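Down below is the structure, laid out as structure tokens.
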Ligand SMILES: *Cc1c(COP(=O)(O)O)cnc(C)c1O
């Protein structure tokens, strides 16, 4: 079976984790702090706060902005639903923005058109989907006209950059995930980066029962949670972050091989903004429009050949919960409609070799040609 994804866990990772498990200091020690320090440095941000998931990172970033009932938060229509769930969990309302079909990211032109129609826009949550940078210069300039903060959902984009500036170093805050399908993994895990010391302190308090992070007395400043990362997860993160530059080079080489194999043009290969680095958290292609209704059958057929593929991500406004709550219908987000039906994520991991890639592309082409000639 050629798997969709596989985390890169090495012996050195395992022995570091074992050391922590043996010494018994499992939470609230020095390792989480060490991961935060190297992570902040890598991104080029002043502060990094480690959390137990990317979703916790998104939730606390919004929470720290003091979002209130009825506030409106702009989010991309095509993304993992965590991005709008955290908004709804804070009693605010997500306002969905259609995507630019070339990068799969929030379309600045649609953002610009929607903002004047809103009564209480409070923040923009922008994702760098699948590892491709969103158009941050345009989005930040629109946000500054409305004087609202931008939070980056960089869950897929650790190591991505645009104009030499990393994902996570653009917005007021940025959120990362260390889920096994992301660029580095701690099993579950996440991080918020920011240059704002007050926001960093608020998130530190919120992740730890509301306890004042500066005080060694028991000073509970707010109503918090327990959303902490463990020490053994942190050393796994440190170990993985140490190899990230190599990992990204390999990912980009694998992507180049796919690009070349797909050059017949039957499917559209992933694209990125010029002057940007795409890290290919996922390699998502678009099937021909005429085969949109057959995408799930293509996934089934490839699986029978031992190739695991999946859809790109979620059309959030048409997902059951959001559609029922807000009454969205197809047609409202035309680019998202078109992309979500045709998207296909190909197997992508550091262990994928060129032989596997040739087999994947050959099988895909065979399957598509057969269906196109029917
Ligand atoms: C993975 C992901 C998340 C959620 O991260 P978790 O660590 O799984 O909670 C949020 N947004 C995007 C774009 C993601 O890819």
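In this simple spin-label approximation, residue 88 and residue 25 carry label points 7 Å from Cα along the Cα→Cβ vector, and these lie 4.2 nm apart. Label-to-label distance, residue 221 versus residue 12, with points set 7 angstrom from Cα along the beta-carbon direction: 3.7 nm. Protection proxy ranking, highest mean first, for peptides 300-310, 182-192: 182-192, 300-310, where packing is the per-residue count of other beta-carbon atoms within 10 Å, averaged. Could you tell me whether the chain comes out rounded, prolate or oblate from its Cα gyration tensor? Rule is a ≥ b ≥ c as square roots of the eigenvalues, rounded for a/c under 1.5, then prolate if a/b exceeds b/c, otherwise oblate. Oblate. Hey, could you get me the Stokes-Einstein D for the stretch 157-281, Kirkwood radius over alpha-carbon pairs, 4 °C and 1.567 mPa s, rounded to whole µm² s⁻¹? Stokes-Einstein gives a translational diffusion coefficient of 76 µm²/s. The Cα center of the stretch 156-232 and the Cα center of the stretch 27-75 differ in position by 2 Å.
Measuring max minus min along each principal axis, the C-alpha atoms of the stretch 76-156 give extents of 31, 27, 18 Å (largest first). Counting pairwise Cα distances across the stretch 243-282, what percent come out greater than 15 angstrom? So the portion of pairs separated by more than 15 Å is 45 percent. The share of alpha-carbon pairs in the stretch 251-374 lying farther apart than 22 Å comes to 39%. Counting only the Cα atoms, the stretch 37-100 fills a convex hull of 103 Å³ per residue.
If you wrap the Cα atoms of the stretch 239-313 in a convex hull and average its projected area over all directions, you get 6.8 nm². Counted over all Cα-Cα pairs of the stretch 275-339, pairs farther apart than 19 Å make up 49 percent.
The ellipsoid equivalent to the alpha-carbon distribution of the stretch 313-374 has semi-axes of 33, 17, 8 angstrom, derived from the gyration tensor eigenvalues as √(5λ) and listed largest first.
Annotation: the stretch 1-81 has a Kirkwood hydrodynamic radius of 16.5 angstrom, from the mean reciprocal C-alpha pair distance. Per the Kirkwood formula on distinct C-alpha pairs, the Rh of the stretch 107-222 is how many angstrom? For the stretch 107-222, the Kirkwood estimate is 15.7 Å.
Placing a label point 7 Å from the Cα of residue 372 along the Cα-to-Cβ direction, the residues of the stretch 296-332 whose backbone N falls under 16 Å from that point are 298.
The Cα atoms of the stretch 157-201 cover 29, 29, 9 Å along the three principal axes, with the biggest extent listed first. Here 136, 1 are placed in order of increasing Cβ neighbour count within 10 Å, fewest first, which gives 1, 136.
Largest first, the three principal axis extents of the alpha carbons in the stretch 1-158 are 57, 40, 28 Å in whole numbers.
Every read-out reported here was derived from the displayed coordinates using simple, explicitly stated rules and does not represent laboratory data. Because the structure is a prediction, the values reported are computed rather than measured. No Cβ is skipped: glycine too gets one built from the backbone with ideal geometry, and neighbour counts run over all protein chains shown.
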